Amino acid sequence: MAHAQHVSVEFAGEIYPVAAGEVFTVGREGDLAIEDNLFLHRHFLTIQCSDGLWILSNVGSRLAATVTDSGSRVQAWLAPGARLPLVFETTTVIFSAGPTTYELVVHAAEPAFREMMRFDESDGQSTIGEVPLTPSQKVMILALAEPVLRREGAGMSELPTSTQAAERLGWTLTRFNRKLDNVCDKLDRIGVPGMRGGVRSYATNRRVRLVEHAVAARLVTRMDLPLLDAEAAAAAESAGTDDD
């Protein structure tokens with residue numbers, strides 16, 4: 001099939017071509033070897049052509065990835081052992097290992113699916129399930145996602161801790177964690193995976209999963225970043241008033 005000839009993977013300013021018949025591996029080792037992050041699997045993702053379709057597979061045992069099309073209209077959760085056909089011209093893959101979030105983009109020269117009509121997305125709103133957020137919930141997400149949103153192109157970002165994000169907003173850690181709980185509960189109720197902690201879960205997991213989903217679903221965008229400084233200024237002014 002014509003669309004099966006090749007794809008390319010973009011990461012941190014580098015382009016990696018993948019031809020039919022090859023198996024492209026992403027992990028600490030492989031064709032795309034991503035730094036020495038011990039939280040990342042040695043072999044995590046593979047891309048290969050099978051029966052005329054390019055397939056993205058999660059060959060790891062613990063980590064998952066968020067996969068979305070370029071318009072953020074389709075989003076999938078790629079759990080360990082799962083496989084997904086790459087049918088779009090541009091597919092974004094976001095995943096986290098420890099406190100670091102990574103983003104790579106897969107470009108298909110001849111995609112199996114071609115979009116025939118584009119909708120006006122000038123308002124920058126998400127088209128993956130409408131999730132109403134209060135202003136304070138939105139800036140909480142922004143404080144966590146700021147490094148990812150400020151990054152130019154595909155690559156990696158170190159996510160802030162809850163303490164660092166709270167300080168960015170001028171909030172107490174208690175207030176920040178309460179907002180984080182509320183947002184995660186809200187997303188869990190609409191079926192977003194990874195929002196609830198468990199006995200074997202770490203606090204970091206929920207934060208990074210929230211950032212993955214929020215960026216992929218465009219709950220927050222780069223255009224929203226000025227809200228962070230506005231919130232910090234409002235918090236400082238409020239604190240100053242309280243001192244008077």
TODO: Within the stretch 43-57, track down each residue that is open to solvent by 10 Å² or more (accessible area, probe 1.4 Å) and under 20 Å from Glu14 (Cα atoms).
DONE: His43, Thr46, Gln48
TODO: Look at Arg42 and say whether it is modelled with pLDDT of 90 or more, in a loop (DSSP other than H, G, I, E, B), charged (D, E, K, R) and closer than 26 Å to Pro193 by Cα.
DONE: yes
TODO: Read through the list (1) at pLDDT below 90; (2) part of a helix (DSSP H, G or I); (3) open to solvent by 60 Å² or more (accessible area, probe 1.4 Å), then give the number of the only condition that Glu130 fails.
DONE: (2)
TODO: Considering only the stretch 171-206, state which residues are at pLDDT below 85 and among the basic types (Lys, Arg).
DONE: Arg196, Arg200, Arg206
TODO: Give just the number: which of (1) farther than 18 Å from Ser96 by Cβ; (2) touching a residue at least 60 places away in the same chain (Cβ under 8 Å); (3) open to solvent by 30 Å² or more (accessible area, probe 1.4 Å) does Lys179 not satisfy?
DONE: (2)
TODO: Check Leu210, Leu227 and return the single one that is modelled with pLDDT of 90 or more and at negative phi.
DONE: Leu227
Open item on the list: Condition first: under 12 Å from Leu104 (Cβ atoms), open to solvent by 60 Å² or more (accessible area, probe 1.4 Å) and part of a loop (DSSP other than H, G, I, E, B). Now tell me which residues in the stretch 13-39 satisfy that.
Closed with: Gly13, Asp31
Open item on the list: Just to be sure before I move on: is Ile94 of a type in the set (Val, Ile, Thr), more than 17 Å from Ala216 (Cα to Cα) and either open to solvent by less than 20 Å² (accessible area, probe 1.4 Å) or assigned to a strand (DSSP E or B) (or both) in the structure I sent?
Closed with: no
Task: Extreme residue, most open to solvent (accessible area, probe 1.4 Å), among residues of the stretch 151-168 that are free of Cβ contacts under 8 Å to residues at least 24 places away in the same chain and assigned to a helix (DSSP H, G or I) - done: Glu167
Task: Yes/no for Asp31 being over 23 Å from Arg206 (Cα atoms), among the charged types (D, E, K, R), out of contact with any helix residue (DSSP H, G or I) (no Cβ under 6 Å at 6 or more places or on another chain) and at pLDDT 85 or above - done: yes
- [ ] Would you be able to say whether some residue in the stretch 58-81 is of a type in the set (Phe, Trp, Tyr), in a strand (DSSP E or B), out of contact with any Phe, Trp or Tyr (no Cβ under 6 Å at 6 or more places or on another chain) and surrounded by 20 or more Cβ atoms within 10 Å (Cβ to Cβ)?
- [x] no
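The values are calculated or read from the model by the stated rules, or taken from the named source; none is laboratory data. Please read all numbers here as calculations on a predicted model, not as lab measurements. Cβ sites come from the backbone with ideal geometry, for glycine too, and all protein chains shown count toward neighbours. The accessibility values were calculated without ligands, DNA or RNA, using every heavy atom of the protein model including side chains. Shrake-Rupley method; radii C 1.70, N 1.55, O 1.52, S 1.80 Å.
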